[in-house]
Amino acid sequence: MTSAIRHAAATDIGLAREANEDSYLADPPLFLVADGMGGHMAGDVASRMAVESIVRELARNPGALADAVIQANRDVHNRAAARPELRGMGTTLTAMMTAPDGVDIVHIGDSRAYLLRNGSLTRLTRDHTVVERLVREGRIGPEEAEHHPKRSYLERALGVEPQVEIDSYKVATQQGDRILLCTDGLTTMLSEDEILQILVTERDPKRASRELVAAAVAAGGNDNVTVVVVDYPGQAGEGPEPSAQQTRAVRSPNVLRPNWRRRALRTSIVAIAVLLAVFVAVRALTLSRWYVGSSDGKVTIYRGVPWFIHKVDRRSDIPVSALPEVYRDELAEGIRADDRGDAEYRVSKLREIQAEHGSAVSPNPTPSPSVGSGAVR
Ligand code: MN
């Protein structure tokens, strides 16, 4: 299963930093990003140490991701305690292990995991920041949070305390899923809508990760930016068993859809409404007109326009076949009338013609039902 997964990663120092203190790993089945913090390169040490420690622990005890992260917390904290220049260092960590039935995610801090599924982007992790807690408690709005000066103040990080509380969840995967791990250098520079646009546009994971990082740098690049993109195969038959576990999928359903979809939908609704209004108007206008034609072989008064919108108003008992050919042709085309009275008048005229024609030409005016009816509608 894991071998069918496609993945890529990219990182950039950004425009305003002296060092890249982000670390990442993309080595199936383990994927992670870590954003280190602390003065004088200590952040770089913290994020790299965390990655090394997790890899070492997983080699010893495969699959036990949460345990490995807890051990990494101890390792980083012990190193910081032992070295004055590293005191207070720590790192965010968003780590993921792929498995046949889905992914295990372990998370601390404000790096993030997102799931792209069927064109929608869902955030899988919650930020351990003061600002996100204030939003959750309803004390500030999401817009205020986005520009809050303290939006990157962490409530939790790996290595800062001897013990750490981690979030850990399992997400069931489906064919065609794409998972993004990223540091806050991406999410502070790009809106979730912008991230979504790139993820849906760039189908190749390598191009998608490079494009995400380039866009974050172009948008200001105030921070180191790192992304890992993991694709589950989209073709039926080569991926993980699809829907057995779909039901317990994702947390925090911050579902976003691309702008162009909303626009396309709005445009279609407007277009349909306009067409409907035009149709109703045309129909009303058309049905206010009258003509005489035939139906079921009988002379018939219609509202509407022949070959367009029309409906039977009254069917007479005059057989079309009992009329001279010239009238049959006219009826086939539809004889225009000014109004209902005019139409009735024309029918009465045809009745006179029928009487004359029947006595003059045919000794037996009884119509043959097969004649004439085929000519009209
Ligand atoms: Mn950062």
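Okay, here's what the table says:
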{"read-out": "Candidates Gly43, Gly36 - the one that is within 16 Å of the ligand (Cβ to nearest atom), in a strand (DSSP E or B), within 18 Å of Thr91 (Cα to Cα) and without any contact (Cβ under 8 Å) to a residue 60 or more places away in the chain", "value": "Gly36"}
{"read-out": "Those strands (runs of 3 or more DSSP E) lying entirely in region 62-127 with at least 3 residues within 19 Å of Pro28 (Cα to Cα)", "value": "93-99, 102-108, 112-117"}
{"read-out": "Count of region 95-150 residues which are touching a strand residue (DSSP E or B) at 6+ places or on another chain (Cβ under 9 Å) and among the acidic types (Asp, Glu)", "value": "4"}
{"read-out": "Matching residues, region 104-161, being free of Cβ contacts under 8 Å to residues at least 60 places away in the same chain and among the aromatic types (Phe, Trp, Tyr)", "value": "Tyr153"}
{"read-out": "Per-region count, region 313-335, residues in contact with a Lys or Arg (Cβ under 8 Å, 6 or more places away or on another chain) and either under 26 Å from Ser288 (Cβ atoms) or in contact (Cβ under 8 Å) with a residue 24 or more places away in the chain (or both)", "value": "8"}
{"read-out": "Members of region 8-27 found to be within 26 Å of Asp104 (Cα to Cα) and either within 14 Å of the ligand (Cβ to nearest atom) or modelled with pLDDT under 95 (or both), listed by number", "value": "Thr11, Glu21, Asp22, Ser23, Tyr24"}
{"read-out": "Residues located in region 216-225, provided they are in a helix (DSSP H, G or I) and either touching a helix residue (DSSP H, G or I) at 6+ places or on another chain (Cβ under 6 Å) or among the basic types (Lys, Arg) (or both)", "value": "Ala216"}
{"read-out": "Glu144 vs. criteria out of contact with any Cys (no Cβ under 8 Å at 6 or more places or on another chain), of a type in the set (Asp, Glu) and buried (at least 18 other Cβ atoms within 10 Å of the Cβ)", "value": "no"}
{"read-out": "All positions within region 148-207 that are within 16 Å of the ligand (Cβ to nearest atom), part of a helix (DSSP H, G or I) and either hydroxyl-bearing (Ser, Thr, Tyr) or over 24 Å from the mean Cα position of the chain (by Cα) (or both)", "value": "Gly185, Thr187"}
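Here's the yes/no breakdown for (1) under 28 Å from Ala219 (Cβ atoms); (2) among the small types (Gly, Ala, Ser); (3) in contact with a strand residue (DSSP E or B) (Cβ under 9 Å, 6 or more places away or on another chain):
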| residue | (1), (2), (3) |
| --- | --- |
| His7 | yes, no, yes |
| Ala10 | yes, yes, yes |
| Leu25 | yes, no, yes |
| Leu30 | no, no, yes |
| Ala34 | yes, yes, yes |
| Arg48 | yes, no, yes |
| Glu57 | no, no, no |
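One line per residue, one yes/no per condition, for (1) β-branched (Val, Ile, Thr); (2) surrounded by 15 or more Cβ atoms within 10 Å (Cβ to Cβ); (3) at pLDDT 90 or above; (4) assigned to a strand (DSSP E or B):
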{"position": "Ser209", "(1), (2), (3), (4)": "no, yes, yes, no"}
{"position": "Val213", "(1), (2), (3), (4)": "yes, yes, yes, no"}
{"position": "Gly239", "(1), (2), (3), (4)": "no, yes, no, no"}
{"position": "Ala244", "(1), (2), (3), (4)": "no, no, no, no"}
{"position": "Leu265", "(1), (2), (3), (4)": "no, no, no, no"}
{"position": "Arg283", "(1), (2), (3), (4)": "no, no, yes, no"}
{"position": "Val299", "(1), (2), (3), (4)": "yes, yes, yes, yes"}
{"position": "Tyr302", "(1), (2), (3), (4)": "no, yes, yes, yes"}
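The values are calculated or read from the model by the stated rules, or taken from the named source; none is laboratory data. Small disclaimer: the values here were computed from a predicted structure and weren't measured. In this analysis, Cβ positions are derived from the backbone assuming ideal geometry, glycine residues included, and neighbour counts consider all displayed protein chains.
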